[in-house]
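> Questions regarding the structure given below will be posed in turn.
Just so it is clear, none of the values below were taken in a lab; they were calculated from the coordinates. All values derive from a computational prediction rather than experimental measurement. When we count neighbours, we look across all protein chains shown, and the Cβ atoms used for this are built from the backbone with ideal geometry, even at glycine.
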Amino acid sequence: MMESDTRETTLPLLGPDELPPVELVNIDGGGSAVLVCDHASNSVPRRLGTLGLDAGRLADHIGWDPGAADVARRLSAHLDAPLVLSGYSRLVIDCNRPLRSAESIAERSAGVPIPGNRGLSPEEREARIAALFRPYHDAIARLLDGRARRPTLLLSIHSFTPVLNGPLRPWHIGVCYGHDRRLAALLLGALARSGEFAVGDNQPYPIEDDIDYTIPVHGEGRGFPSAMIEIRQDGIHTAAGAAAWAARLAEAYRLIEAEALRLIGSSFTA
Ligand SMILES: [Zn+2]
C-alpha cells in the first residue's frame, strides 16, 4: 500500500529517549478554562542539531515564547484548568501556523536566517509534521472532544518581545481575537479595571486565519469562546513576574467567568 510505504521510508524525527512532542498538565482539571501553550519550549530534536543557529538565538524570542509556559502552568493551578504545552521550538515547526503558511517551517524569523530550515524535502517536512505538529493538535482535539458536554473557554497563552523593529511596544498584556471577540471583550474589560496596566485590544497582533492555527481551529472551529493572551516578556522573565501575571489573569478570569459561560452555544457571527 502506498501509505504504509511512505511511512516506512520516513525516519522518525524523535529518538525514544527524547522529550515528548506534547505535555499534558492537570488534564482532568475540573475548571471551565482549557489552556494551551503553542510556543512553550525551545527544544530542538537531536537529529536537527541547533538548526544551524547558536544557542543564544534559540534561547531568544524567535525560538519560543519566554515565560509563557511558566505563566500557563501557574494559571492552570489557579483555575484547575487542563493545560496542553508543545514540546519543541516553533522554529522546528510552528504549532500556531497553518501548514500552508511559509512561516510553518520558517526559513527566516524576525530577519534571522534559519539554515536548518532551508531547502527541506517533502519527506523532511512531513517528518516534522508527523512528529510534532500532529501530536500536539491531536492532544488538544482529544481533550476538547472529551469535553463536548462541558462548558469550555479556550485560552492560548503567549508572550511577545518588548521591541520588534521599532520602539518599545507599549502594552503590558494583549488580548487577541479573530472572528470571535466575545471572550476577549470580557477579559479586556476585567484586565483594564485596575488601570495599572496598558492592555492591548487585539495587540500586538490580531488572530488571522492565514497566520494562526490554534484559536481558529480549536476555538472558533468548535464554537468555544476563545482568546489569545499575549504577555510582554519583560514582565514575566522572572518567576515572581510570571506568578504575578498568572494571579492577575486568574483574577480577571474569575470576574468574567459566569458571563463568559453564558456565551456558550450562542452564535458569534454578527
Ligand atoms: Zn507565541
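> Kirkwood Rh, the range 185-270, all Cα pairs: how many Å?
Numbers: mean 1/r = 0.0691 Å⁻¹.
Evaluated on the range 185-270, it is 14.5 Å.
> Let me ask you something else. Rounded to two decimals, what ratio of Rg to Rh does the range 105-261 give with C-alpha atoms and a Kirkwood Rh? List each step's numbers first, then the result.
Working: Rg = 17.4 Å, Rh = 17.4 Å.
Ratio value, two decimals: 1.00.
> Report the Rg/Rh value for the chain, based on alpha-carbon coordinates and the Kirkwood definition of Rh. Don't skip to the answer; put the middle values down first.
Details: Rg = 18.4 Å, Rh = 19.0 Å.
Expressed as Rg/Rh, it is 0.96.
> So, in nm, how far is label Asp145 from label Ala247 when the simple model puts each one 7 Å beyond its Cα toward the Cβ?
4.0
> How big is the charge dipole of the chain about its Cα centre, in debye rounded to the nearest 20, if each Lys and Arg gets +1 on its Cβ and each Asp and Glu gets -1 on its Cβ? Each step should come with its number before you reach the end.
Values: 27 positive and 34 negative charges, 95 e Å.
Value, rounded to 20: 460 debye.
> Project the alpha carbons of the range 222-265 onto their principal axes and report the range along each, largest first, in whole Å.
Principal extents (Cα only, largest first): 39, 20, 11 Å.
> Counting each DSSP H run of 4 or more residues in the chain as -39500 (n - 2.57), what helix-only mean residue ellipticity at 222 nm follows after dividing by all residues, to the nearest 500 deg cm²/dmol? Before the final figure, lay out the partial values.
Details: 7 runs with 78 residues, N = 270.
Taking each H run of at least 4 residues, the total per residue is -9000 deg cm²/dmol.
> Ok, one more. Would you please calculate the Kirkwood hydrodynamic radius of the range 198-244 over all C-alpha pairs and express it in Å, rounded to one decimal? Don't jump to the answer; show the numbers that get you there.
Details: mean 1/r = 0.0803 Å⁻¹.
Every distinct Cα pair counted, the radius reaches 12.5 Å.
> For Ile211 and Arg262, compute 0.36 nm times the residue count separating them, minus their Cα-Cα distance, and round to one decimal in nm.
The Ile211-Arg262 span can extend by a further 15.4 nm.
> Let me ask you something else. List the equivalent ellipsoid semi-axes of the range 106-177 in whole Å, largest first, each obtained as the square root of 5λ for an eigenvalue λ of the Cα gyration tensor.
Details: eigenvalues 168, 140, 7 Å².
Computed over the range 106-177, the values are 29, 26, 6 Å.
> R0 = 22 Å: FRET efficiency of Ala55 with Asp138, Cβ-based, nearest 0.05?
Details: r = 30 Å, r/R0 = 1.38.
Taking R0 as 22 Å, the efficiency between Ala55 and Asp138 is 0.15.
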